[in-house]
Amino acid sequence: MIAILLKTLPFFALIGLGFWAGHRRIFPPEAVGWLTKFVFYFALSAMLFRFAANLSLAEIFDLPFVLAYLSASLLLYAGVMALALWRGTPLEEATMEAQCAQSGNTGFLGVPMLVVLLGPAAAGPVLMVLTVDMVVFSSLFTLIITGARGGRIGLHTFGTLALGWLRNPMVVSIVLGLIWSGAALPLPGPVNEFLAILGGAATPGALFAIGASLAGRGAPRLGNAVWLSFAKLVLHPALVAVSALWLFRIDPQPAGVMIAAASLPVAGNLYILAQHYGVAPQRVSTAILISTAASILTVTAVIAWITG
């Protein structure tokens, strides 16, 4: 456990450094926004494209793997939503709580950290988890919110979802990388080196941006946020572990990566989503803050378990 903590600590130290810089206003909110855009559109996209271009589709897409992750995540999603509705929470807020419990910070934290800690073979499973989260659960959230507000769900809605995928640089990078790989085209040396240099900025940039973005957030509504953090950090990886290891019998290595990805804290982009739709932004912000702080211990414990 201590050995794994010493390996994960530098990643969380970068988050802490970003938090300190944001708190001291050395890195103001507008700077955080620009750094996040750089990481999202350039550095992380270069890393994802390079990973995908060097993998085959079979190394990323495995139907039992997808079904194991999807079934456990849907069970958690439905359970958290049902519990929220039972407490009398409006449907829109219940959906946002379910999204917090399921959607982890796979892009900004999981991809850079897990590939380093668990080895290059982790790239395929992490990309698959990231793709399922972006395509399935982001779409599910949008459809439920649209329906809850009395909007018509038709071809126009699905067209908007497809357009959203095409505008997401992470989705585009993975797809283009797989197309490149499927065409059996080698990456030219200068191109590969360029992508490696640019993608190398993703890890420190993303982790620093996570910390800096948390600096200005308070912690109201602690009760709900603690529950959502527990659901994300404990219940999600536990359900995924049962599904992957005992129900679908996934090989231990990719199953371990899937469990580790499920143990990541609440995704930071959910705050933007909450603000955009006007659905419980303070609750989401607090859940992101608490889950990220607690994940120093919980993610370390999960990685220690799957590697031990």
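Among the residues of the stretch 208-228, is any β-branched (Val, Ile, Thr), touching a helix residue (DSSP H, G or I) at 6+ places or on another chain (Cβ under 7 Å) and under 24 Å from Val39 (Cβ atoms)? So far as the stretch 208-228 goes, yes, one or more of its residues are β-branched (Val, Ile, Thr), touching a helix residue (DSSP H, G or I) at 6+ places or on another chain (Cβ under 7 Å) and under 24 Å from Val39 (Cβ atoms).
If only residues of the stretch 82-120 that are small (Gly, Ala, Ser) and assigned to a loop (DSSP other than H, G, I, E, B) are counted, the one that is surrounded by the most Cβ atoms within 10 Å (Cβ to Cβ) is Ser103. Test Gly79 against the stated conditions and say whether it is in a helix (DSSP H, G or I) and modelled with pLDDT of 90 or more. Yes. A single entry from Thr106, Thr36, Thr89 fulfils the requirement of being without any contact (Cβ under 8 Å) to a residue 40 or more places away in the chain and among the β-branched types (Val, Ile, Thr): Thr89. Of all the criteria given as (1) farther than 30 Å from Gly189 by Cβ; (2) of a type in the set (A, V, I, L, M, F, W, C); (3) surrounded by 22 or more Cβ atoms within 10 Å (Cβ to Cβ), the one not satisfied by Val39 is (1). Looking only at residues in the stretch 9-35 that are crowded, with 22+ Cβ neighbours inside 10 Å and β-branched (Val, Ile, Thr), the one that is nearest to Ala294 (Cα to Cα) is Ile15. Is it fair to say Ala287 is buried (at least 23 other Cβ atoms within 10 Å of the Cβ), modelled with pLDDT under 90, more than 28 Å from Leu63 (Cα to Cα) and not acidic (Asp, Glu)? No. Counting the residues of the stretch 161-175 that are among the hydrophobic types (A, V, I, L, M, F, W, C), touching a helix residue (DSSP H, G or I) at 6+ places or on another chain (Cβ under 6 Å) and closer than 18 Å to Leu55 by Cα gives 3. Applying the set (1) of a type outside the set (D, E, K, R); (2) in contact (Cβ under 8 Å) with a residue 60 or more places away in the chain; (3) part of a helix (DSSP H, G or I) to Ile250 leaves exactly one unmet item: (3). When the stretch 164-217 is limited to residues that are of a type in the set (D, E, K, R) and at pLDDT below 90, the one that is farthest from the chain's Cα centre (by Cα) turns out to be Arg217.
A Cβ distance below 7 Å, combined with a sequence gap of six or more or placement on separate chains, defines the contacts here; from the stretch 171-198, residues that are outside any helix (DSSP H, G or I) reach no residue that is among the charged types (D, E, K, R). Comparison of Ser73, Ser56 shows that the only residue that is at negative phi, of a type in the set (Gly, Ala, Ser) and crowded, with 24+ Cβ neighbours inside 10 Å is Ser73.
Restricting attention to the stretch 22-33, report how many residues are assigned to a loop (DSSP other than H, G, I, E, B), in contact (Cβ under 8 Å) with a residue 40 or more places away in the chain and not hydrophobic (A, V, I, L, M, F, W, C). Give the derivation first.
Taking the stretch 22-33 and keeping what is assigned to a loop (DSSP other than H, G, I, E, B), we get 24-28.
Now restrict to residues that are in contact (Cβ under 8 Å) with a residue 40 or more places away in the chain: 27.
Now restrict to residues that are not hydrophobic (A, V, I, L, M, F, W, C): none.
Adding up the residues that qualify gives 0.
Criterion applied to Val226, Val240, Val234 was being within 23 Å of the chain's Cα centre (by Cα), surrounded by fewer than 18 Cβ atoms within 10 Å (Cβ to Cβ) and at pLDDT 95 or above, and the one residue passing it is Val234.
Checking the stated criteria, Leu264 turns out to be at pLDDT 95 or above, assigned to a loop (DSSP other than H, G, I, E, B) and of a type outside the set (Lys, Arg).
Quick grid of which residues meet (1) modelled with pLDDT of 90 or more; (2) under 21 Å from Val266 (Cα atoms); (3) touching a helix residue (DSSP H, G or I) at 6+ places or on another chain (Cβ under 8 Å):
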position	(1), (2), (3)
Glu59	no, no, yes
Asp62	yes, no, yes
Tyr69	yes, yes, yes
Ala84	yes, yes, yes
Glu92	yes, yes, yes
Leu130	yes, yes, yes
Phe141	no, yes, yes
Arg149	no, no, yes
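The values are calculated or read from the model by the stated rules, or taken from the named source; none is laboratory data. All figures in this text were calculated on a predicted structure; none of them were measured in a lab. Because the Cβ atoms are built from the backbone with ideal geometry, glycine has one as well, and the counts that use them run over all protein chains shown.
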